[in-house]
Every structure is written in structure tokens, then in C-alpha cells.
Amino acid sequence: MKALIKIRGVYATALTKFFIDKEFTVVSPSKLVAQRFKIGETKSRKPAAVVIADLENQQGISLHGEPDQVGCVVEIIRNEFKESIRRTTSSGESTFIEIEFPGDSKIQLDGIRQTVVPTVLNHHRLRLINSALVDLIETTKLPYHPEKRVEVSNDLENRLVWETYTKGKKIGIEHVKLSGQVISLSEGDIVEADWKTKTLTLKRIKFKRGNSYDGLGIPKQHGDYAITTIKEGGSFYKHTYLRQNNQIIGEYYNINTSIELYPNTVRYVDLEIDVVRWPDGTVKIIDEDVLDRYARLGFIHSALREQAREIAYGLRASLLHSTSFLH
């Protein structure tokens with residue numbers, strides 16, 4: 001028998017649709033979700049075996065309840081949302097599992113929600129910025145002009161994100177480790193924000209941790225800076241490190257889950273494996289073993305591991321055939 005599931009939070013509509021389609025029973029829904037699915041608001045006589053709620057930062061969900069049932073539900077989620085990240089803790093007889101939904105997973109959830117109610121593109125990301133405005137657009141514009149979904153969505157994203165990007169504005173980088181640790185990389189000043197290509201170019205002049213550049217092994221010097229190029233939805237991004245006289249130190253390609261852009265930060269989950277290139281043209285893949293270890297431990301789906309490796313080896317091949325640095 002499939003577990004009874006209770007779902008609350010910003011992902012409730014999408015996940016309720018997801019589990020109903022898989023013939024699970026959703027119990028004790030919120031009033032709004034009950035109305036949308038006509039499943040009744042009264043509490044089930046049996047308690048939910050699995051309870052799903054938002055993570056504190058709303059970047060994903062937590063699941064707790066009967067260990068076997070939680071494990072089953074988690075695997076169903078992971079097999080559908082292959083970019084999702086799984087982290088596990090236990091307390092007494094209950095198992096607590098966190099699932100982070102990076103950018104592509106949120107887009108999948110947007111599509112599921114759209115089959116139930118009018119939903120703007122990038123709904124689950126944009127509502128983290130301004131939930132009231134997203135709700136207003138979805139209740140006053142989309143129901144009456146469904147043909148304008150793309151136009152309305154683009155206008156909303158431009159208003160909430162891209163219009164906030166002024167030259168010189170400082171942008172933080174949330175470098176989320178697979179373990180859940182969030183490392184705040186040094187901020188960068190916006191050099192260029194290209195709405196058409198959805199690309200940010202940052203200049204970073206302060207670097208944290210260590211006396212040498214990760215992967216490159218080259219000492220840091222006073223006056224060094226980096227040009228960092230980041231594309232919305234990208235599965236990797238590039239740091240080009242330079243001396244004060246503009247001499248190139250090297251390039252570092254960070255491989256990650258799909259990048260999400262917010263008004264003041266860039267966010268992704270780091271997949272550990274990376275690619276570096278030295279000025280003499282030498283190219284090296286680093287930390288592939290770390291990626292493999294996290295895959296074995298169940299933090300990521302095997303499909304995501306293979307995707308990260310394919311990106312790394314593809315980058316390596318491309319860079320080996322390139323005769324110049326792109327910066």
C-alpha cells in the first residue's frame with residue numbers, strides 16, 4: 001500500500017499533482033490545495049506516513065516519517081527530478097531527508113503546477129523574490145490571457161531580476177556544497193548584465209581562503225582580480241584570473257547544477273568536479289573522485305554524476321583545441 005502523504009509549503013500544488021498522478025493519497029491538504037484538487041479538507045483517520053514541508057530557505061523540501069515509506073517517496077522524487085540533491089539525517093525512529101531543488105528541478109515543478117493552475121515561467125524561483133507579486137500576476141493576468149504567458153513571465157522576470165542589475169552593483173555567489181554547506185564566495189561588481197543572453201559578467205577583486213588559486217596552484221598577489229562570467233541556467237561558469245597588469249593567471253571552470261540568478265546573489269549547487277586551464281594551454285580535470293564519492297553516498301542521482309562528467313570532459317576537449325583565452 002502506498003504511503004499517505006501530507007504536503008505543505010510553496011511546492012504543495014506541484015507535488016500534490018505529482019503524487020496524485022502516481023496514485024498516492026494526499027491527506028490534510030491546505031484549504032487552497034483542497035479546493036484546487038477537490039480532495040477534501042478534513043483530516044484522514046490515519047496519520048500521514050510521510051510529511052513534506054519547505055526547507056527554511058524554501059530551496060527545497062524536507063521529508064520525515066516512517067523510514068521505509070520516506071525512502072520510497074524520496075526515490076520516486078529523485079527518479080523524476082534527477083538534478084535534485086539528497087541529504088539525510090535521523091532522529092529516533094524518524095528519518096529526516098532534505099531534498100534541494102536546483103534551477104532545472106524548479107522548472108520541472110513549474111511545468112507540473114501549470115497543469116493545475118495558471119503559472120508563470122520560473123514561478124518557484126521568482127516567488128522566492130516576491131511571492132505577493134507572482135501571486136497577483138497569476139490570479140489577475142494569466143487566467144484571462146493564457147496566450148500571453150511567455151510575455152507576462154518575461155516581463156515579470158525582467159522586473160524582479162534584470163532591472164535590478166545596474167553597473168557596479170555587488171552580487172554575491174552562493175556556492176552550495178553537496179553536503180548542504182553554503183560558502184559565500186567573494187562578491188563581484190557587475191561589469192555587464194545582458195538580458196538577451198541572460199549572462200552576468202562580474203569583476204571580483206577580493207578572494208577568500210588560501211594563498212594560491214584552487215586547482216591552478218599559482219600564488220595570489222596583491223592587485224589580482226577575476227572576471228567571472230555566469231549564465232542563467234548554465235551547468236558551469238568561468239573565472240578568469242588576472243594580474244594587476246592584466247596578465248592571465250589561468251581559468252577555472254566550475255561545474256554545477258543549473259545556475260539561478262536572484263537580485264543580489266547567484267546560486268547553484270557545486271558538483272565538485274571542475275576544469276582548470278593554465279596560460280601555457282595545459283588543461284586538467286580536478287576532483288572527479290569527490291564527485292564519485294558523493295554519488296556513491298546517494299547525495300546525487302547517477303544521471304547527474306554522468307552529466308557532470310560529460311560536461312567536464314567536453315570542456316577539456318574544447319579547451320585543448322582552443323588557441324586563445326576567452327575573457
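Rule-based calculations on the coordinates, nothing more; no lab input. In this text, all values refer to a predicted model and were calculated from it rather than measured experimentally. We place every Cβ from the backbone using ideal geometry, glycine too, and count neighbours over all the protein chains shown.
Using only Cα atoms, what is the ratio of the radius of gyration of the stretch 166-320 to 2.2 N^0.38 Å? Don't skip to the end; give the middle numbers.
Details: Rg = 15.2 Å, N = 155, 2.2 N^0.38 = 15.0 Å.
In units of the globular-protein estimate, the stretch 166-320 measures up at 1.02.
In summary, the convex hull built on the alpha carbon positions of the stretch 4-103 has an orientation-averaged projected area of 6.4 nm².
What does the charge count near N211 come to, summing +1 for each Lys or Arg and -1 for each Asp or Glu among other residues with Cβ under 13 Å from its Cβ?
+1
When ranked by the protection proxy of mean other Cβ atoms within 10 Å per residue, highest first, what sequence do the peptides 9-15, 31-37 form?
Details: 9-15: 21.9, 31-37: 14.1.
Descending packing order for the listed peptides: 9-15, 31-37.
Calculated on the alpha-carbon coordinates, the convex hull of the stretch 118-160 measures out at 52 cubic angstrom per residue. Judged by the mean number of other Cβ atoms found within 10 Å, the most tightly packed of the peptides 241-248, 104-111, 195-202 leads the ranking 104-111, 195-202, 241-248. Look at the alpha carbon pairs under 8 Å that are at least 6 residues apart: their mean separation over the length of the stretch 4-103 gives a relative contact order of 23 percent. Working note: Debye formula, equal point scatterers on the alpha-carbon atoms of the stretch 225-291, no solvent; log10 I(q)/I(0) at q = 0.13, 0.17, 0.23, 0.27 Å⁻¹ is -0.41, -0.67, -1.01, -1.14.
The helix-only estimate of mean residue ellipticity at 222 nm for the chain, built from DSSP H runs of length n ≥ 4 each weighted as -39500 (n - 2.57), is -9500 deg cm²/dmol after division by the residue total. For the residue pairs K6/K148; K177/K206; K17/K167; K148/K238, alpha carbon separations beyond 32 Å are given by K6/K148; K17/K167; K148/K238.
Placing unit charges on C-beta atoms (Lys and Arg positive, Asp and Glu negative, everything else neutral), compute the dipole magnitude of the stretch 4-103 about its Cα centre in debye, rounded to 20.
Using Cβ point charges on Lys, Arg, Asp and Glu, the stretch 4-103 gives about 460 debye.
Measuring spread by the Cα atoms of the chain yields a radius of gyration and Dmax of 21.7, 72 Å.
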